[in-house]
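Asker: Dropping a structure here in structure tokens format, bear with me for questions.
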Amino acid sequence: MQILKRAFARESVTGYLEKDQQMDRVLTTKDLIGLGVGTVIGSGIFILPGHEAATNAGPAVSVAFLIAAIFSGICGMAFAEFSSAMPVAGSAYSYGSVIYGEVIGWVLGWSLILEYFLAVSAIATGFSAYFNNLLGQMGWSLPTALQAGPGQGGVINLMAVIIILISAVILFAGVSQSKKIENAGVVLKVAIIALFIIGGAFFIKGHNYVDFYPKQFQTGFLGLGGITAATASIIFSFLGFDTIAAHAAEVKNPTKTMSRGILGTVAISAVLYTLFAIVLTGIVNYKKLGVDDPAAFALQAVKQTQFSVVITIGALIGMFTAVLALIFASSRLAYSFGRDGLLPKGLGKVNGKHRLPQNAIILAVAVEAFIAGLVPLSTLASLINIGTLTAFFFISLGVIFLRRRKDLAHKGFKMPLYPMLPALAAILSLVLILRLPLETLKLYGIWVVIGLVWYFSYGIRHSSLNQK
């Protein structure tokens, strides 16, 4: 019983703020939206609309994106309130440690490790698919052995590894330099997506919308099985707004800036995703869209090869900015673990002229590059979703506990319709978790067990909470 009491000991916000003083507060609202949109509008918009239309929802995939956007917006409000009350690094991990106790915070952080690290690898894999498509249009190609990992008939997914390494080089140049590159890439990416939406609208064929929600997908309660399954998978595409919370220790005026960055990201992404899905499924029949580069494929199908090249370049830029932003977030999460002693403390050191958590960046890049080079995209995406949804559940529910803590009273953003909206977000998160494949739930269960074994064998003994 004594060890359980210790495991549920709570960290203080003051303790986190003191530790995070070594970080530079240089990020503005514009920078946060750049990081958020840079992450959200990545492989999700260029890959998932095609896959989910073909396998779960047909043209109604646009409805699934809209539902996912509304759900993400509600959960985003919960993250916005927490980040206003606790402007510290670590996102859901730090929030969970303060509200629920260290062991729950660790489980949330362990889930976020799964989310962030695998997301970088998955998006890098998508980047590789689009890059190989572009090479093919130019009459070139990489050797088959370098286009995919061992599970897909190759040796290593070379371009997936290279884009991660390039992103790492940029991050080591410092926050100020990397945010300029990220913001520029986001502006260019959004312009190209807008070009696809506007230009692609001229090639929409009404008959492609017939059977808008095909009968074979109308399963489960009220026939919504296909849409809810697609929504659960699409949550991956909105991965990004929650990563903004990981940067709270590097943000100017976080009380106002964090909420604006998170909610602005969700709003912009919702509009782009929904319109993109509507146009995509109008150009080509949904049955043909189960490919890794559906936007380029759709334009090639209507003989717009040159336009297809532009979209492919836009997709590459989009996925590059997503990889860059996610390595940024995942390294800050690893830094938070090292800062608190739950992982080796070397990860929590900030050094160099740019005051970066260099060891944490090296660890994140090494793991992400290894996975991207050897593991297929489909295996990664399902595990990313459950890590995201688990964080959504605990943080949404946590708003209720946050409001009851007088020591955490704050004047920043507060979630409306309290307590109904936080409770609704938590319930929806749980429902979407249960909609994920059984294999995903089993693998996640194994991941959590591994995390708990590490916590009780290493983390609890080395935690900085022991010093108190």
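The values are calculated or read from the model by the stated rules, or taken from the named source; none is laboratory data. The structure displayed is predicted, hence computed values, not measured ones. Cβ: placed from backbone, ideal geometry, glycine included. Neighbour counts: every protein chain shown. Just so you know, the surface numbers come from the protein's heavy atoms only, side chains and all, with ligands and any DNA or RNA stripped out. Shrake-Rupley method; radii C 1.70, N 1.55, O 1.52, S 1.80 Å.
Asker: Around Leu27, which amide H atoms from residues at least 5 apart in sequence, or from another chain, sit under 5 Å from its own amide H, with H modelled in the peptide plane?
Answerer: Correct list: Val251, Lys252.
Asker: So which lysines pass the test for Lys442, namely a Cα distance under 29 Å, with those fewer than 8 places away in the same chain ruled out?
Answerer: The qualifying lysines are Lys5.
Asker: What's the ranking of 270-276, 416-422 by average number of surrounding C-beta atoms within 10 Å, highest first?
Answerer: Result, highest mean first: 270-276, 416-422.
Asker: From the residues Val98, Ser330, Phe46, which one has its Cα farthest along the dipole of the chain in the positive direction, the dipole being from +1 and -1 charges on Cβ of Lys/Arg and Asp/Glu about the Cα centre?
Answerer: Positive-end residue among those listed: Val98.
Asker: Right, something else. Tell me which aspartates and glutamates have Cα within less than 14 Å of Lys287's Cα, excluding those fewer than 8 residues away on the same chain?
Answerer: Glu52, Asp211
Asker: Here's a follow-up. Summing -39500 (n - 2.57) over the DSSP H runs of n ≥ 4 in the chain and dividing by its residue number, what mean residue ellipticity at 222 nm do you reach, to the nearest 500 deg cm²/dmol?
Answerer: Using -39500 (n - 2.57) per qualifying helix, the result is -22000 deg cm²/dmol.
Asker: Also: For Gln22, what is the net charge nearby, where nearby means another residue's Cβ is under 15 Å from its Cβ and Lys, Arg count +1, Asp, Glu -1?
Answerer: Values: positive: Lys19, Arg25, Arg332, Arg339, Lys345, Lys349, Lys353, Arg355; negative: Glu18, Asp20, Asp24, Glu250, Asp340.
Taking every Cβ under 15 Å from that of Gln22, the sum is +3.
Asker: Using 0.36 nm per residue of separation minus the Cα-Cα distance, give me the extension gain between Leu417 and Lys256 in nm, one decimal.
Answerer: Roughly 56.0 nm would be gained on extension.
Asker: Give the aspartates and glutamates whose C-alpha is closer than 19 Å to that of Lys406, dropping any in the same chain fewer than 8 places away, or say none.
Answerer: The reachable aspartates and glutamates, counting only those whose Cα sits under 19 Å from Lys406, are Glu11, Glu81.
Asker: Is the C-alpha gyration tensor of the range 19-84 telling us rounded, prolate or oblate? Criteria: a/c under 1.5 is rounded; beyond that, a/b larger than b/c is prolate, otherwise oblate.
Answerer: Judged from the Cα gyration tensor, the range 19-84 comes out prolate (a/c at least 1.5, a/b above b/c).
Asker: Give the accessible surface of the chain per residue, rounded to a whole number of Å², with probe radius 1.4 Å and ligands, DNA and RNA excluded.
Answerer: Numbers: 17680 Å² over 468 residues.
Heavy-atom SASA per residue in the chain reads 38 Å².
Asker: Enumerate the amide H contacts of Gly149 below 5 Å, restricted to partners 5 or more residues apart or on another chain; note that Pro and chain-start residues carry no placed amide H.
Answerer: Gly154, Asn157
Asker: Enumerate by residue number the trypsin sites (Lys or Arg not before Pro) in the range 274-313 meeting two conditions: DSSP loop (anything except H, G, I, E, B), and at most 14 other Cβ atoms within 10 Å of the site's Cβ.
Answerer: Sparse-neighbourhood loop trypsin sites (Lys or Arg not before Pro): Lys303.
Asker: What ³J(HN,Hα) values, in whole Hz, does the Karplus curve 6.51 cos²θ - 1.76 cosθ + 1.60 give for the range 113-119 when θ = phi - 60°, with x put for Gly and Pro?
Answerer: 4, 4, 4, 5, 5, 6, 5
Asker: Still on this structure, I have one more. Compute the signed sum of charges (Lys and Arg +1, Asp and Glu -1) over the other residues within less than 15 Å, Cβ to Cβ, of Thr388.
Answerer: Overall, the nearby charge balance is -1.
Asker: Taking all protein chains in place and a 1.4 Å probe, what share, in percent, of the accessible surface of the chain do carbon and sulfur account for?
Answerer: Carbon and sulfur atoms account for 68 percent of the accessible area of the chain.
Asker: Right, here's the next one. Treating only the Cβ of Lys, Arg, Asp and Glu as charged (+1, +1, -1, -1), what charge dipole size does the range 1-145 show about its Cα centre? Round to the nearest 20 debye.
Answerer: 140
Asker: Can you tell me, using C-alpha contacts under 8 Å and at least 6 residues apart, the relative contact order of the chain as a whole percent?
Answerer: The value is 32 percent.
Asker: Over all directions, how big on average is the projection of the convex hull of the alpha-carbon atoms in the chain, in square nanometres?
Answerer: For the chain, the mean projected area of the Cα convex hull comes to 21.2 nm².
Asker: Might you report the magnitude of the Cβ-based charge dipole of the chain about its Cα centre, with Lys and Arg at +1 and Asp and Glu at -1, to the nearest 20 debye?
Answerer: On the way: 33 positive and 19 negative charges, 207 e Å.
Approximately 1000 debye in magnitude.
Asker: Could you sort the peptides 317-323, 20-26 by per-residue average Cβ neighbour count (10 Å cutoff), highest mean leading?
Answerer: Highest-to-lowest ranking by the protection proxy: 317-323, 20-26.
Asker: Report the net charge of residues surrounding Asp407, where surrounding means a beta-carbon distance below 13 angstrom and charges are Lys +1, Arg +1, Asp -1, Glu -1.
Answerer: Value of the local net charge: +4.
Asker: Highest mean first, what order results for 262-269, 423-430, 201-208, 226-233 on Cβ atoms within 10 Å?
Answerer: Highest to lowest by the protection proxy: 226-233, 262-269, 423-430, 201-208.
Asker: Then there's this: Rounded, prolate or oblate: which one fits the range 12-162, using the alpha carbon gyration tensor with axes a ≥ b ≥ c (rounded when a/c is under 1.5, else prolate when a/b beats b/c, else oblate)?
Answerer: Cα axes put the range 12-162 in the prolate bin.
Asker: So which chymotrypsin sites (Phe, Trp or Tyr not before Pro) in the range 1-68 end up in coil per DSSP with only 14 or fewer other C-beta atoms within 10 Å?
Answerer: Phe8
Asker: Which three extents, in whole angstrom, do the alpha-carbon atoms of the range 324-468 cover along their principal axes, largest first?
Answerer: For the range 324-468, the Cα extents along the three principal axes come out at 44, 41, 33 Å.
Asker: Label-point separation (nm) for Leu4 and Leu222, each offset 7 Å from Cα along Cα-to-Cβ?
Answerer: In this crude label model, Leu4 to Leu222 measures out at 3.9 nm.
Asker: Let me ask another. Relative contact order for the range 71-164 using alpha-carbon pairs under 8 Å, separation at least 6, rounded to a whole percent?
Answerer: About 17 percent, as a whole number.
Asker: So, one more: Between the DSSP loop rule and a limit of at most 12 other Cβ atoms within 10 Å, which chymotrypsin sites (Phe, Trp or Tyr not before Pro) in the range 111-164 are left?
Answerer: Here the chymotrypsin sites (Phe, Trp or Tyr not before Pro) that fit, given the DSSP loop and packing criteria, are Trp140.
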